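*Asks:* Sharing a structure with you now.
None of the figures in this text is laboratory data; all of them are computed from the coordinates on show. Note that the structure is a prediction, hence the values are computed from the model and not measured. As a convention, Cβ positions derive from the backbone with ideal geometry for all residues, glycine included, and neighbour counts pool all protein chains shown.
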Amino acid sequence: AQSVTQPDIHITVSEGASLELRCNYSYGATPYLFWYVQSPGQGLQLLLKYFSGDTLVQGIKGFEAEFKRSQSSFNLRKPSVHWSDAAEYFCAVRGGGADGLTFGKGTHLIIQP
Amino acid sequence: DGGITQSPKYLFRKEGQNVTLSCEQNLNHDAMYWYRQDPGQGLRLIYYSQIVNDFQKGDIAEGYSVSREKKESFPLTVTSAQKNPTAFYLCASSIGLAGLDEQFFGPGTRLTVL
């Protein structure tokens with residue numbers, strides 16, 4: 001069974017600073033990997049996804065993520081955060097079957113002025 | 001506007017009562033999913049459906065039931081057998097069955113058991 005670990009429960013970043021959110025996954029084959037963002041009390045919005053090809057994936061809102069097979073990681077980055085980026089971020093993995101996503105426990109991003 | 005709607009936004013239930021959460025999509029998606037979210041726990045899959053009249057248990061199906069009589073609707077019933085039902089429930093859908101198909105999420109229903 002697949003699993004996802006997001007080691008950081010909370011991260012605080014100053015506005016304008018760079019951001020990296022960590023994600024490690026466990027899956028026997030090449031996984032489908034996703035990053036979602038959730039504002040308080042809302043549903044989830046997809047930021048980006050990866051399955052194959054270029055290991056650096058560009059997403060919406062200026063986010064990117066890099067897949068590193070050797071480290072089983074799929075870290076999310078943004079060069080300069082904005083106050084509106086404050087939210088909960090979830091990394092998720094999906095196997096090859098037509099079932100649901102397996103989510104990490106999330107990282108809560110706080111933006112300092 | 002295409003999307004997923006969930007109702008109600010907030011739901012209160014007394015212990016021992018069954019309650020049904022609504023999920024409707026007008027995206028013409030084949031697959032639909034129910035997730036449960038608890039604080040600090042991420043999302044966990046309850047049930048999913050690949051096609052009308054077919055559904056599969058997810059990781060935490062005990063105490064829940066679903067139906068898929070129409071393509072656009074996938075209601076979730078939280079039964080009295082669910083020991084800790086207070087949570088945020090999210091419905092999602094995807095166009096097809098491929099692993100890379102994006103899952104679109106509804107706004108969620110917050111269920112509180114009194």
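*Asks:* Straight-line reach from A:Lys68: which lysines have a Cα under 26 Å away, not including same-chain ones fewer than 8 places off?
*Replies:* A:Lys49, A:Lys78, A:Lys105
*Asks:* With 10 angstrom as the radius, rank A:Leu46, B:Leu45 by how many other C-beta atoms surround their C-beta, starting from the fewest.
*Replies:* Numbers: A:Leu46 16, B:Leu45 21.
If I rank by nearby Cβ atoms, fewest first, I get A:Leu46, B:Leu45.
*Asks:* Sort B:Trp34, A:Trp35, A:Trp83 so the one with the fewest other Cβ atoms within 10 Å of its own Cβ comes first.
*Replies:* A:Trp83, A:Trp35, B:Trp34
*Asks:* OK, next. Loop-only trypsin sites (Lys or Arg not before Pro) in the stretch B:1-90, please: DSSP not H, G, I, E or B, and at most 11 other Cβ atoms within 10 Å.
*Replies:* Sparse-neighbourhood loop trypsin sites (Lys or Arg not before Pro): B:Lys9, B:Lys14, B:Lys83.
*Asks:* Counting pairs of alpha carbon atoms under 8 Å apart in space and at least six apart in sequence, what relative contact order in percent does chain A give?
*Replies:* Normalised by residue count, the contact order of chain A is 38 percent.
*Asks:* Restricting attention to the stretch A:6-113, which trypsin sites (Lys or Arg not before Pro) occupy a DSSP loop and are surrounded by at most 10 other Cβ atoms within 10 Å?
*Replies:* none
*Asks:* Another question about this same structure. 5 Å is the cut-off here: which amide hydrogens, built 1.01 Å from N in the peptide plane, fall below it relative to A:Leu47, excluding neighbours closer than 5 in sequence?
*Replies:* Result for A:Leu47 returns A:Trp35, A:Tyr36, A:Val37.
*Asks:* Something else about it: Which of A:Tyr27, A:Tyr36 has the fewest other C-beta atoms within 10 Å, and how do the rest follow up to the most?
*Replies:* By the 10 Å Cβ count, ascending, the order reads A:Tyr27, A:Tyr36.
*Asks:* Let me ask something else. Measuring from label point to label point, each 7 Å out along Cα→Cβ, what is the A:Ile9 to B:Ile95 span in nm?
*Replies:* Modelled inter-label distance: 3.9 nm.
*Asks:* Amide H to amide H, which residues 5 or more places from A:Asp8 or on other chains are under 5 Å from it, using H placed in the peptide plane?
*Replies:* A:Arg22
*Asks:* Something else about it: May I have the count of lysine pairs in chain B with C-alpha atoms under 19 Å apart, counting pairs 8 or more residues apart or located on different chains? Could you put the intermediate results ahead of the total?
*Replies:* Working: B:Lys14/B:Lys83; B:Lys57/B:Lys70; B:Lys57/B:Lys71; B:Lys57/B:Lys83.
Counting lysine pairs in chain B gives 4.
*Asks:* Quick one: compute the contact order of chain B, relative version, from alpha carbon pairs under 8 angstrom and 6+ residues apart, as a percent.
*Replies:* Normalised by residue count, the contact order of chain B is 35 percent.
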